[in-house]
Amino acid sequence: MKSKNLPVAALIVALAFIPVVGAQDKAKAPAAPAATPAPAAAPAAAHKMWAAKDLDWKDLPSIAGAKIALLEGPMNEEKPFIARIKFAKGVKVPPHWHPGIEHVTVISGTFAMAVGEKWDDKAMHSLGAGDVMIMQPKTPHYAQAKTETVAQIHGMGPWSVNYINPADDPSKKAEAPKKDEKKK
Ligand SMILES: [Cu+2]
């Protein structure tokens, strides 16, 4: 297997070195000043780093009691995404499914999950910091944050939360009260 891949790997290495060698030669020649501006690179895929404390948390309309920080996306397009979801202690996510594969990594807290269309406490398994789960597309499942929990999800968009019981969808509940808003 390695030997089959070797020519490709060698080619990639060779290609990778061509511009580097060229750049070094050019750099040597005119005794380049230290602050030479970087050549205009493709801006599309910039290198990104985040400190956890700097994440930009926003309300997540589809899960009551949860906030989301998007790292890579957007999540509503057919693109790879990474997001963190922060659940307040006790938050329940009723049975639902996602259209694509979803990889869940618990960053902190305790997150209980089970597969199925009906809530069953006894069926739930707890995931702690560092634990990982892979949820196949359209698999019904449900979850509860036993403590405040931060989970990272990554996969291929578009991502959405599709509740088995539409009445469980808080984003739809938020729209519904408009008619009766006067009551309160
Ligand atoms: Cu889910």
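For region 140-149, indicate whether the set of residues that are in a loop (DSSP other than H, G, I, E, B), more than 15 Å from the chain's Cα centre (by Cα) and within 11 Å of the ligand (Cβ to nearest atom) is non-empty. Among the residues of region 140-149, at least one is in a loop (DSSP other than H, G, I, E, B), more than 15 Å from the chain's Cα centre (by Cα) and within 11 Å of the ligand (Cβ to nearest atom), which makes the answer yes. Residues that are within 12 Å of the ligand (Cβ to nearest atom) and part of a strand (DSSP E or B) do occur in region 119-133, at least one of them. Here is a check on your reading of the model: is K86 within 16 Å of the ligand (Cβ to nearest atom), surrounded by 11 or more Cβ atoms within 10 Å (Cβ to Cβ), touching a residue at least 40 places away in the same chain (Cβ under 8 Å) and of a type outside the set (A, V, I, L, M)? It is true that K86 is within 16 Å of the ligand (Cβ to nearest atom), surrounded by 11 or more Cβ atoms within 10 Å (Cβ to Cβ), touching a residue at least 40 places away in the same chain (Cβ under 8 Å) and of a type outside the set (A, V, I, L, M).
Read the figures in this text as sums done on the coordinates, not as results from a lab. Keep in mind that what you see is a predicted model, and the values were worked out from it rather than measured. Positions of Cβ are backbone-derived with ideal geometry, glycine not excepted, and every protein chain shown enters the neighbour counts.
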